[in-house]
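The values are calculated or read from the model by the stated rules, or taken from the named source; none is laboratory data. Because the structure is predicted, anything quoted here is derived from the model rather than measured. As a convention, Cβ positions derive from the backbone with ideal geometry for all residues, glycine included, and neighbour counts pool all protein chains shown. Heads up: the accessible areas ignore ligands, DNA and RNA and are worked out on the full protein's heavy atoms, side chains in. Shrake-Rupley method; radii C 1.70, N 1.55, O 1.52, S 1.80 Å.
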Amino acid sequence: MDKNSLYYIDEPTCVSFSGGRTSAYMLYKILEAHDGELPDFAKVTFANTGKEMPETLDFVNDCATKWNVDIVWLERFARQAREDEKNKYAYETKIVDYKSASRNGEPFKQLIETIGYAPNPVARYCTTDLKIRAIKEYLVDMCGFEVPYTSFIGIRGDEQRRAAKMSGTIANGQERYLPLYLDGVTAKDVGKFWEESSFDLNLPNNNGVTDWGNCDLCFLKAQGKRQSIIRERPDLADWWIELETIDGKGKGEPSYFRKDAPTYKEMKAKALEQSSIFDAIPDDVSIPCFCGD
């Protein structure tokens, strides 16, 4: 064991695994610092929204089996609260596994139907409710963690803007620790690691970014990236199209994930036209969320 390593854990800690290459690399470095066996008070969590690509779920399972590490799969479901409950909404965090995990967006869909409108860049409640709070409820309610607890998050050294806002800060019950950032790890380092690995995430690597990672057509992804994915897999848009029809305000008006971009229905229609016009779409900047890469 290397107790001087940036990746060494000596207190109750959450290792937040998004299901991407970067956080998986962080997990490997943590295991390496502990000679392959984590202490009982270190919990590796993966919060599943049900809209991750199947390849992501395969990759999380591969990391667990090939590295012999326990990864706790979590899903959080919402509903309207009963009259005897004090809050407007009620939630339940469940432990699932590779076989029982949702694969058709069930937790995400139930949350949107409960809240009554689609999340958007201003009201990004999906990240908070499906991931951050799911992990917190598991750690505090099921594992007895006290807040704030340490949370290892996979943000690299070449993500300085994100890291500057998060490193060492406390939010949502977690003290955020970024070992990859402190270690100066870059996307190139992560890419080289997986090139030399016996297994990998079976999704395209776009200069260190997995465009198909996290929720498949997340509204925080740049429009050009979402359009590109829809052109390859138009069927992926159907779930998002359905959820944009929710009448959240009771005025007979749909609720859109973004008002500053085409709807998913419009993007799918144009993708099916096989028009080359989208080849020239300027790729706006994706908005990072908790999910990571």
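Couple of notes before you dig in:
- Scanning segment 180-206 for residues that are touching a Gly at 6+ places or on another chain (Cβ under 9 Å), touching a residue at least 60 places away in the same chain (Cβ under 8 Å) and either β-branched (Val, Ile, Thr) or not in a helix (DSSP H, G or I) (or both) yields Asp183, Val185, Val190, Leu201, Leu203, Asn205.
- Every residue from segment 93-116 that is over 29 Å from Leu38 (Cα atoms) and buried (at least 20 other Cβ atoms within 10 Å of the Cβ): Gly105, Pro107, Phe108, Leu111, Ile112, Ile115
- If you check Glu195, Glu175 for being open to solvent by 30 Å² or more (accessible area, probe 1.4 Å) and over 27 Å from Glu137 (Cα atoms), only one passes: Glu195.
- Residue pairs meeting the criteria (Cβ under 9 Å; at least 6 apart or on separate chains; first among the charged types (D, E, K, R), in segment 120-133; second surrounded by fewer than 16 Cβ atoms within 10 Å (Cβ to Cβ)): Arg124/Ile287; Asp129/Tyr89; Arg133/Asn172
- Segment 57-77 residues that are closer than 17 Å to Cys215 by Cα, paired with ones that are basic (Lys, Arg) and open to solvent by 10 Å² or more (accessible area, probe 1.4 Å) (beta carbon under 6 Å, 6 or more apart): Glu75/Lys94
- Pick from segment 33-92, criterion open to solvent by less than 60 Å² (accessible area, probe 1.4 Å) and of a type in the set (Val, Ile, Thr), ranking: farthest from Trp194 (Cα to Cα): Thr49
- Subset of segment 10-28 (residues that are farther than 20 Å from Gly157 by Cβ and open to solvent by less than 10 Å² (accessible area, probe 1.4 Å)): Thr13, Cys14, Gly19
- Test: residue in segment 250-261 that is surrounded by 17 or more Cβ atoms within 10 Å (Cβ to Cβ) and under 30 Å from Ser5 (Cα atoms): no
- Listed conditions (1) part of a helix (DSSP H, G or I); (2) under 15 Å from the mean Cα position of the chain (by Cα) are all met by Ile30, apart from (2).
- A count restricted to segment 1-39 and to residues that are free of Cβ contacts under 8 Å to residues at least 40 places away in the same chain and more than 26 Å from Asn214 (Cα to Cα) stands at 13.
- Scope segment 117-134; condition more than 19 Å from Thr93 (Cα to Cα) and either in contact with a helix residue (DSSP H, G or I) (Cβ under 9 Å, 6 or more places away or on another chain) or hydrophobic (A, V, I, L, M, F, W, C) (or both); matching residues: Ala118, Pro119, Val122, Ala123
- Single residue of segment 207-240 satisfying the filter (among the β-branched types (Val, Ile, Thr) and assigned to a helix (DSSP H, G or I)) that is surrounded by the most Cβ atoms within 10 Å (Cβ to Cβ): Ile230
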